[in-house]
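What follows is calculated from the coordinates using simple rules that are stated; it is not laboratory data. A quick note: this is a predicted structure, and the numbers were derived from the prediction, not measured. Ideal geometry is used to build each Cβ from the backbone, glycine not excepted, and the neighbour counts take in all protein chains shown.
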Amino acid sequence: MKKVLIIGATSAIAEATARLFAKRGDRLFLLARDEEKLSVVARDLKVRGAEDVLTGAFDAVDMEAHGPMLDAAVKGLDGIDIVLVAHGTLPDQSACEASAEETLLAMNINTMSVISLLTHLGNIFENQGSGSIAVISSVAGDRGRLSNYVYGAAKGAVSIFLQGLRHRLHKAGVHVLTIKPGFVDTPMTAEFPKGPLWAQPDQIGRSIFTALEKKKLVIYAPGFWALIMLIIRLVPNWIFHKTKL
Ligand SMILES: NC(=O)c1ccc[n+]([C@@H]2O[C@H](COP(=O)([O-])OP(=O)(O)OC[C@H]3O[C@@H](n4cnc5c(N)ncnc54)[C@H](OP(=O)(O)O)[C@@H]3O)[C@@H](O)[C@H]2O)c1
């Protein structure tokens with residue numbers, strides 16, 4: 001049995017991962033914004049075998065509340081083995097290009113709130129000297145591209161922050177996992193036409209669960225995205241700038 005905190009627990013990817021924690025009989029603390037949806041998810045996870053399921057309210061942009069919220073969650077769980085940070089939005093790239101306000105809102109939700117949470121969590125895990133911090137970033141953070149560089153910059157900043165946090169917490173015995181999914185069929189991407197590169201949330205959930213068990217540091221999910229992003233990172237600018245990626 002592990003004590004697991006899930007932030008953004010109503011996310012489709014988080015829910016798929018949480019089902020595997022529940023099956024193991026873990027004790028769960030779920031934080032999310034939509035209280036109605038959260039109570040449905042909590043009931044389902046209890047039926048699936050979770051030892052206990054506690055819930056609390058979380059609004060990513062209310063950053064002053066993060067510290068007390070995390071302290072209450074860790075107290076509720078009576079310690080913490082794993083945290084999964086999953087919340088996020090996919091901003092409209094054109095709207096962001098037209099408005100600094102839209103861009104900053106996207107950065108606030110996808111980067112600043114995550115950095116705020118990780119600063120508190122880093123200290124909590126460092127003090128206890130054990131556990132895993134897992135955060136959903138994205139393949140989009142690997143290279144800025146014209147089609148989604150606001151989201152890409154937001155996730156890229158999170159990936160670099162995690163790199164540094166991992167380096168710092170290594171000597172404390174704390175494991176830090178960066179999760180980089182490719183295209184996943186969730187409410188966030190409901191409007192997109194789907195194709196062969198798309199994965200279902202259950203598949204990503206299994207990858208996250210296994211990566212936590214094996215204490216992996218960075219995963220692409222599904223794994224073939226590691227090769228795709230390697231190629232995308234290596235394409236020289238004189239070719240890259242002719243594409244519409
Ligand atoms: N789907 C993909 O293709 C894909 C690819 C790479 C990475 N990711 C990342 O995977 C993570 C999970 O996304 P998903 O695909 O599972 O999408 P999802 O089902 O739409 O989940 C997004 C979650 O973020 C929450 N959220 C958004 N803004 C929030 C705020 N201000 N405060 C609190 N919660 C907020 C949503 O809560 P509400 O229900 O209240 O709106 C929802 O629970 C995200 O970090 C996303 O960037 C997704």
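A simple charge model with +1 on the Cβ of Lys and Arg, -1 on the Cβ of Asp and Glu and nothing else charged puts the dipole of segment 148-245 at about 420 debye relative to its Cα centre. Among rounded, prolate and oblate, which fits segment 1-79 when a ≥ b ≥ c are the square roots of the eigenvalues of its C-alpha gyration tensor, a/c under 1.5 means rounded, and a/b larger than b/c means prolate? Since a/c reaches 1.5 but b/c is at least a/b, the shape of segment 1-79 is classed as oblate. Ellipticity at 222 nm from helices only: DSSP H runs of n ≥ 4 in the chain, each -39500 (n - 2.57), divided by the residue count, give -14500 deg cm²/dmol. Listed by chain and number, the lysines placed with their C-alpha closer than 25 angstrom to that of K214 are K2, K3, K23, K155, K171, K180; residues fewer than eight positions away on the same chain are left out.
Residue ranges 122-129, 93-100, 200-207 sort as 200-207, 122-129, 93-100 when ordered by packing (mean number of other C-beta atoms within 10 Å per residue, highest first). Mean projection of the Cα convex hull over all viewing directions, computed for segment 142-188: 4.1 nm². For M1 and A95, FRET efficiency with R0 = 41 Å and r from the beta-carbon atoms, rounded to 0.05? That gives a FRET efficiency of 0.40.
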